[in-house]
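Here is the structure we will look at, set down as structure tokens.
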Amino acid sequence: MEVVLAEKYGFCAGVRVADKLVRIAAAKGQTGAILGQVVHNESVEREMAALGFPTVHRLEEAREHAGRIVFSAHGVAPSVRAEAAALGLAAIDTTCKFVTDIHREIARSLDDGCFIAVLGQKGHREVIGYTKDLDPERYGIFYDIDEVKAFPWEAHPKVKIVFQTTLSAERFSEHVSDLRRRVPDLRIADTICYATKENQDALRVLCADPSIDAIVVIGGQHSKNTKELVKIAGETKPTIFVGTAVDLDPAAFAGMRKVGVTAGASTPDYDVEAVVERLRAVG
């Protein structure tokens, strides 16, 4: 069985920086805690814990880990940074530069009198970071098109759209079209991560190859950009979603001659290499 890797897959620049910053701290002998997964990948989470940086979900828990907290690549609201400082915690900030730019874009747009329409998931940590400190009257979070259609846009003549970075722009094309018809002054910030776009475009190339029998997508169970890849692949090919090589079932590939492989932006290279190696062994 032939295994074909997508031209673009795996770690984006922001994830690589976050991963590297924690490793640098560990190499200096530092320990601490990470507020939520540093990136949405279980393999990376286990590795960070082994380096002395386990995942916690409350700032107070960092007191038990050398009083040091890591802010993940997804970013946090300013109030979270202030709370950490008030608790006396030393902070390692691994927020993706792209996410930081979106925080600034939102602040500028609010100053300009815009209502902020965040196209994304209400419970996603990146979106929570953008909106936690905002006046609820100044923003809305929209994922399903029905939410857009039901919203009273007539009360908001000036709107700035920002996207959760890990989503597919195609998914929200109908949302944007509906807003164009209903908002007199609509402004759109291109905030979907370039790496997310590149991974999705490279996957579509694999899916367009008629000789490929199935697609394997590798990534974390909580990774939204990985789930977007699963959705894209599943529209045209049998698709298998795995976290690591141990999740592969050889029987699922019976009779297949060619398999495409991609990985989410939080997936480490060693997980991709292990999956490809096992697939080739199956073949």
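Only the coordinates and a few stated rules stand behind these numbers; no lab work does. Bear in mind that the values here come from a model prediction, so they are computed numbers and not experimental data. Here the Cβ positions follow ideal geometry from the backbone for every residue, glycine too, while neighbour counts run over all protein chains shown.
Once the cut-off is 16 Å, how many percent of the Cα-Cα pairs in the range 1-107 end up in the long-distance tail?
Working: 3308 of 5671 pairs.
In whole percent, the long-distance tail amounts to 58.
Show that you can apply the helix-only estimate: for the chain, add -39,500 (n - 2.57) for every DSSP H stretch of four or more residues, divide by all residues, and state [θ] at 222 nm to the nearest 500. It would help to have the intermediate numbers written out before the result.
Values: 10 runs with 110 residues, N = 283.
Theoretical 222 nm ellipticity from helices: -12000 deg cm²/dmol.
Counting C-alpha atoms alone, how compact is the chain: give Rg to one decimal and Dmax as a whole number, in angstrom.
Values for the chain (Cα only, Rg and Dmax): 20.4, 60 Å.
Picking from TYR139, ILE192, HIS103, whose Cα lies most toward the positive end of the charge dipole for the chain (charges on Cβ: Lys, Arg +1; Asp, Glu -1)?
HIS103
Roughly how many debye, to the nearest 20, is the charge dipole of the chain about its Cα centre, given +1 on each Lys and Arg Cβ, -1 on each Asp and Glu Cβ, and no other charges?
Numbers: 35 positive and 40 negative charges, 67 e Å.
In total the dipole reaches around 320 debye.
Cα centroids of the range 8-66 and the range 213-242: how far apart, whole angstrom?
25
Express in nm, to one decimal, how much length is gained between ARG187 and LYS97 on full extension, taking 0.36 nm for each residue of separation and deducting their alpha carbon distance.
Working: separation 90, 0.36 × 90 = 32.40 nm, distance 2.18 nm.
That works out to 30.2 nm of additional length.
At most 16 other C-beta atoms within 10 Å and a DSSP loop state: those are the exposed trypsin sites (Lys or Arg not before Pro) I care about. Give me the longest piece of the chain that has none. Write out the running numbers ahead of the final one.
Working: sites that count: LYS28, ARG58, LYS122, LYS132, ARG257.
The reported range is 133-256.
So which of LYS197/LYS224; LYS122/LYS224; LYS237/LYS258; LYS20/LYS132; LYS122/LYS227; LYS160/LYS231 end up more than 18 Å apart, counting from Cα to Cα? Kindly include the intermediate steps, with their values, before the conclusion.
Working: LYS197/LYS224 13 Å; LYS122/LYS224 12 Å; LYS237/LYS258 12 Å; LYS20/LYS132 27 Å; LYS122/LYS227 16 Å; LYS160/LYS231 27 Å.
As for pairs spanning more than 18 Å Cα to Cα, those are LYS20/LYS132; LYS160/LYS231.
How big is the Rg/Rh ratio for the range 217-283, C-alpha atoms only, Rh by Kirkwood, two decimals? Provide the component values of the computation, followed by the final result.
On the way: Rg = 11.4 Å, Rh = 12.1 Å.
Result for the range 217-283 is an Rg/Rh of 0.94.
Counting other Cβ atoms within 10 Å, keep those with at most 14, restrict to DSSP loop, and tell me which GluC sites (Glu not before Pro) in the range 1-95 are left. Mind dumping the intermediate values first?
Working: sites: GLU2, GLU7, GLU42, GLU45, GLU47, GLU60, GLU61, GLU64, GLU83; in loops: GLU7.
When the GluC sites (Glu not before Pro) of the range 1-95 are filtered for loop state and at most 14 Cβ neighbours within 10 Å, GLU7 remain.
Can you tell me how much longer the chain between ARG23 and ARG171 gets when fully stretched, taken as 0.36 nm per residue apart minus their C-alpha distance, in nm with one decimal? All intermediate terms of the calculation are to be shown ahead of the outcome.
Numbers: separation 148, 0.36 × 148 = 53.28 nm, distance 3.54 nm.
Working it through step by step, the gained length comes to 49.7 nm.
Whole-Hz Karplus ³J(HN,Hα) for the range 269-278, in order, using 6.51 cos²θ - 1.76 cosθ + 1.60 and θ = phi - 60°, x for Gly and Pro?
Karplus values, whole Hz, x for Gly and Pro: 4, 5, 5, 5, 4, 5, 5, 4, 4, 5.
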